[in-house]
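Peer 1: Following this message is one structure expressed as structure tokens.
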Amino acid sequence: MAAPNPTSSEARLANLEQLVQEMRARLAALERKLTDPGEHPVDQSVVRKKVTYDWQA
């Protein structure tokens, strides 16, 4: 049985480390989005229309 090629193992490890780093960045962005979802543009429009209607009534 031959030993694994160290260059291919190192390249695979480097690729996996890069993937983990990208996944961590995506997870952090997702967590920021979930903690501060903001207001959907449709909701903003509905609130403005309701305020205008209530004010006119």
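Peer 1: So if I restrict to the alpha-carbon atoms in the stretch 7-52, what is the Rg, and what is Dmax, the biggest pairwise distance, in Å?
Peer 2: 20.5, 68
Peer 1: Please give the contour-minus-distance gain from ALA28 to VAL47: 0.36 nm per residue of separation, less the Cα-Cα distance, rounded to one decimal in nm.
Peer 2: 3.8 nm
Peer 1: May I ask you to derive the FRET efficiency for HIS40 and VAL20 from their Cβ-Cβ distance with R0 = 30 Å, giving the value to the nearest 0.05?
Peer 2: 0.40
No value in this document is a laboratory result; all are computed from the given coordinates. Predicted model, so just to flag it, every value in this text is computed and none were measured. Neighbour counts are summed over all protein chains in view; Cβ atoms, including those assigned to glycine, are modelled from backbone coordinates with ideal geometry.
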